[in-house]
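The next block holds one structure in the form of structure tokens; read it before the comments.
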Amino acid sequence: MAGAFGAHGLRGTVSSRGLEVFQTAVTYQMTHSLALILMAVLSGPGFADGPGRKLMAIGAGFFTAGIVLFSGSLYLLVLTQMSWPGPVTPLGGLCFMVGWALLVTAGLKRRR
């Protein structure tokens with residue numbers, strides 16, 4: 001829905017650069033939402049118990065924080081024209097990186 005809003009609802013309202021930034025926020029939100037679903041499935045019965053499952057849960061928290069901080073700050077930048085959310089965006093990107101590292105680590109623990 002956010003992608004459709006950006007493509008249709010914001011056209012003519014924000015600059016082409018603003019639409020590009022909004023689309024980036026949508027893409028990262030969608031990608032990491034799918035990663036959260038994958039983590040939920042992989043954390044179910046049959047996946048690594050103990051440390052692997054705990055790493056997945058922590059990683060899911062980092063993905064959620066990344067969505068809020070990264071995509072949320074970009075949405076605010078585009079929709080409100082405020083500049084203060086800009087420095088928050090890299091923190092969200094860092095949360096994404098930590099989440100992916102935890103997902104990979106959990107997967108490696110499963111192989112053992």
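Any read-out appearing in this document is the output of simple, stated calculations on the displayed coordinates, not a laboratory observation. Source: prediction; values computed, not measured.
Tabulated data
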quantity	calculated
Shape of region 17-111, Cα gyration tensor, a/c cut at 1.5	prolate
Backbone HN-Hα couplings from phi across region 15-25 [Karplus 6.51/-1.76/1.60, Hz, Gly and Pro as x]	5, 4, 5, x, 5, 5, 5, 4, 5, 4, 4
